[in-house]
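Visitor: Got a structure for you, written out below as structure tokens; questions coming shortly.
Each reported figure results from applying straightforward, stated rules to the coordinates on display, with no laboratory input. This structure is a prediction, so every number in the text was calculated from the model and none was measured. All Cβ positions, glycine included, derive from the backbone under ideal geometry; neighbour counts span all protein chains shown.
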Amino acid sequence: MTGPDIKTPLPGPKAKALIDRDTKFVSPSYTRGYPLVMSRGEGAIVEDVDGNTFLDCTAGIAVNSTGHSHPEVVQAIVEQAQRFLHMSGTDFYYEAQVQLAEQMAAIVPIPGDVKSFFGNSGTEATEAAIKLARHATGRQNIIAFLGSFHGRTLGSVALTSSKATQRKGFGPLMPGVYHAPYADCYRCPVNLEPETCGAECLNFVDEQIFVHLVSPEEVAAVVVEPIQGEGGYLVPPKQFLQRLRELTRQHGILLVVDEVQSGMGRTGRMFACEHYDLEADVVTVAKGVASGMPLGVTSARADVMSWPPGSHASTFGGNPVCSAAALATIKLLRGQLIRHAADVGAHLLAGLRDMSDRHPLIGDVRGKGLMIGVELVRDRATKERATDECEAVVEAAFRRGVLLLSAGLNTVRFSPPLVFTKLQADIALDVFDQALAQVEREGSGL
Ligand SMILES: Cc1ncc(COP(=O)(O)O)c(C=O)c1O
């Protein structure tokens, strides 16, 4: 099956019953935009518990890189599971973890020798990067960017500044974190044009943070997403990341690149850094690395990752089953999926750009590979954010059988599995077109 097939009202009776149980027993902190209750998945198709099928443009928040239950990934998981499930790489050795560290050294955008630390999630990858940066430099402070998302545990959430609700009520957060404006070129923080600017938004680091708040020689790391994910799928110009690299080198600050969302083939290259010729000191990876199995990796220059035994570890991190899934994932990505993502992504991006002529709600279309954002506005001149309309478009697409998520306040994100076909991209475009038309006609209803 290539596309959607909706047979019941949504949610259907089985979905509704399960959601009622969830409401009673599951933490209300989760943000479910619409009532999808999954039963099974294959490639980019998701079936719900009532037998409705959906085209998945979310990949479970940019995770199912090789599609739902790719047979080669499942086979690797089964084979490893039959041999052993766990032995803790913290205290023992096993080959899958060593192989994965070798693979990471071969693919991450870090020059020279590379070592890797394994956790279970993106936030753990960030925590490891923060601790490593402090340990390696003997410095305490960290610079991050406004709109960024690096995780929700108490260290990483101090860097995260995507939405205030993610921080509200949890203070005091880790001290020593300073935020600078990100290169949001649709809403340039210093009112310049990306084609001609010199990444002047970074002057804030040089001229404000380093002058008024913290000396550069006390900064351990700058943590940056090469394409800002949860902040709205913001694609910075090359000069932004290049200048950041120069600035960090100049002051002996480590550059930590968070590739949790943008990495593992999503942008049509193994890592988004490659679009920018950006070399990192530390790279964090999670989400797509193991096609849906929980794994986080913090890879670093070998001379930086020289902390002593006992200084950092995780019981489950680099679990053998997850490592086996990651090895199968990397093989598939390198085989042909990255090229495929670039190709289908270009097709989807072009289709979305074509659509902007007939939809006044579309303010900006941006992205690389299959990491694409469509920012919705109420008025193209004022760029007033169409926040409610964005949620309404996502909901209208769901009713028509296409799964989308928003990012930031008013951006619809397209982050399908990398096995997404051009035919499926055309179906998604058609449904998105209809969803936009409905909301433009009827309003958000919110
Ligand atoms: C760029 C980035 N870093 C880190 C994280 C945190 O990952 P996790 O939810 O696995 O902790 C996310 C999650 O969305 C992310 O997008």
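Visitor: Length gain on complete extension for the stretch GLN75 to THR90, per 0.36 nm per residue less the alpha carbon to alpha carbon distance?
Guide: So the extension gain works out to 2.8 nm.
Visitor: How charged is the neighbourhood of GLY345? Take every other residue with its Cβ under 10 Å from the Cβ of GLY345, and add Lys/Arg as +1 and Asp/Glu as -1.
Guide: Net of charged neighbours comes to +1.
Visitor: Please list, or write none, the aspartates and glutamates whose alpha carbon is within less than 20 Å of the alpha carbon of LYS115, excluding same-chain residues fewer than 8 places away.
Guide: Within the straight-line limit of under 20 Å, LYS115 reaches these aspartates and glutamates: ASP91, GLU95, GLU102, GLU124, GLU127, ASP258, GLU259, GLU274, GLU279, ASP281, ASP303.
Visitor: Could you pull out every residue, at least 5 positions away or on a different chain, whose amide H is within less than 5 Å of the one on GLY296? Hs are placed 1.01 Å off N in the peptide plane, and Pro or chain starts have none.
Guide: GLY119, ASN120, SER121, GLY318
Visitor: Tell me whether the chain comes out rounded, prolate or oblate; compute the Cα gyration tensor, take square roots of the eigenvalues as a ≥ b ≥ c, and use a/c under 1.5 as the rounded threshold.
Guide: It comes out oblate by the Cα gyration axes.
Visitor: From the residues GLY119, ALA280, VAL98, which one has its Cα farthest along the dipole of the range 87-318 in the positive direction, the dipole being from +1 and -1 charges on Cβ of Lys/Arg and Asp/Glu about the Cα centre?
Guide: With unit charges placed on the Cβ atoms, the residue in question is GLY119.
Visitor: Express the relative contact order of the range 120-174 as a whole percentage, based on alpha carbon pairs under 8 Å and six or more residues apart in sequence.
Guide: On the way: 62 pairs, mean separation 16.5, N = 55.
Relative contact order, the range 120-174: 30 percent.
Visitor: Once you charge only the Cβ atoms, +1 for Lys and Arg and -1 for Asp and Glu, what is the size of the charge dipole of the chain about its Cα centre, to the nearest 20 debye? Walk me through the numbers on the way to the answer.
Guide: Details: 41 positive and 50 negative charges, 126 e Å.
Magnitude of the dipole: close to 600 debye.
Visitor: Taking loop as defined by DSSP and a crowding limit of 16 other beta carbons within 10 Å, which chymotrypsin sites (Phe, Trp or Tyr not before Pro) in the range 43-97 fit?
Guide: PHE84, PHE92, TYR93
Visitor: Now a separate question. At a threshold of 8 angstrom on Cα-Cα distance, excluding pairs fewer than six apart, so keeping six or more, what relative contact order does the range 87-318 reach in percent?
Guide: Relative contact order of the range 87-318: 31 percent.
Visitor: So which lysines pass the test for LYS14, namely a Cα distance under 27 Å, with those fewer than 8 places away in the same chain ruled out?
Guide: Partners found: LYS24.
Visitor: So, one more: Against the empirical 2.2 N^0.38 Å scaling, what ratio does the C-alpha Rg of the range 87-318 come to?
Guide: 0.97
Visitor: Based on the Cβ-Cβ distance of MET174 and THR23, what FRET efficiency does E = 1/(1 + (r/R0)^6) give at R0 = 45 Å, to the nearest 0.05?
Guide: E between MET174 and THR23, to the nearest 0.05, is 0.85.
Visitor: Report the local net charge at GLY41: Lys and Arg +1, Asp and Glu -1, summed over other residues whose C-beta lies under 11 Å from its C-beta.
Guide: Details: positive: ARG40; negative: GLU42, GLU47, ASP48, ASP56.
Taking every Cβ under 11 Å from that of GLY41, the sum is -3.
Visitor: Within the range 332-368, list the trypsin sites (Lys or Arg not before Pro) lying in a DSSP loop whose Cβ has at most 13 other Cβ atoms in a 10 Å radius. Let's see the in-between values first.
Guide: Details: sites: ARG334, ARG339, ARG353, ARG358, ARG366, LYS368; in loops: none.
Counting only loop positions with at most 13 other Cβ atoms within 10 Å, none of the trypsin sites (Lys or Arg not before Pro) in the range 332-368 qualifies.
Visitor: For the chain, modelled as a GNM with alpha-carbon contacts under 10 angstrom, which of ASN203, ASN64, ASN120 fluctuates the most?
Guide: ASN203
Visitor: Residue farthest toward the positive end of the dipole of the chain, with Cβ of Lys/Arg at +1 and Asp/Glu at -1: which of LEU333, TYR34, GLY3?
Guide: The listed residue farthest towards the positive side: TYR34.
Visitor: Show that you can apply the helix-only estimate: for the chain, add -39,500 (n - 2.57) for every DSSP H stretch of four or more residues, divide by all residues, and state [θ] at 222 nm to the nearest 500.
Guide: Numbers: 11 runs with 141 residues, N = 446.
Using -39500 (n - 2.57) per qualifying helix, the result is -10000 deg cm²/dmol.
Visitor: Can you give the net charge of the other residues whose Cβ lies under 14 Å from the Cβ of THR126, counting K and R as +1 and D and E as -1?
Guide: Computed value for this residue: -2.
Visitor: I would also like to ask the following. Under 8 Å for C-alpha pairs, at least 6 residues apart: give me the relative contact order for the chain, rounded to a whole percent.
Guide: 22 percent
Visitor: Continuing with the same structure: So if we plug the beta-carbon distance of ALA381 and CYS188 into 1/(1 + (r/R0)^6) with R0 = 22 Å, what FRET efficiency do we get, rounded to 0.05?
Guide: 0.90
Visitor: Past 32 Å, Cα to Cα: identify those pairs from LYS7/LYS331; LYS168/LYS287; LYS7/LYS368, in the order given.
Guide: With Cα atoms farther than 32 Å apart: LYS7/LYS331; LYS7/LYS368.
Visitor: Here is a follow-up. Could you order peptides 316-327, 377-388 by the average number of other Cβ atoms within 10 Å of their residues, highest first?
Guide: 316-327, 377-388
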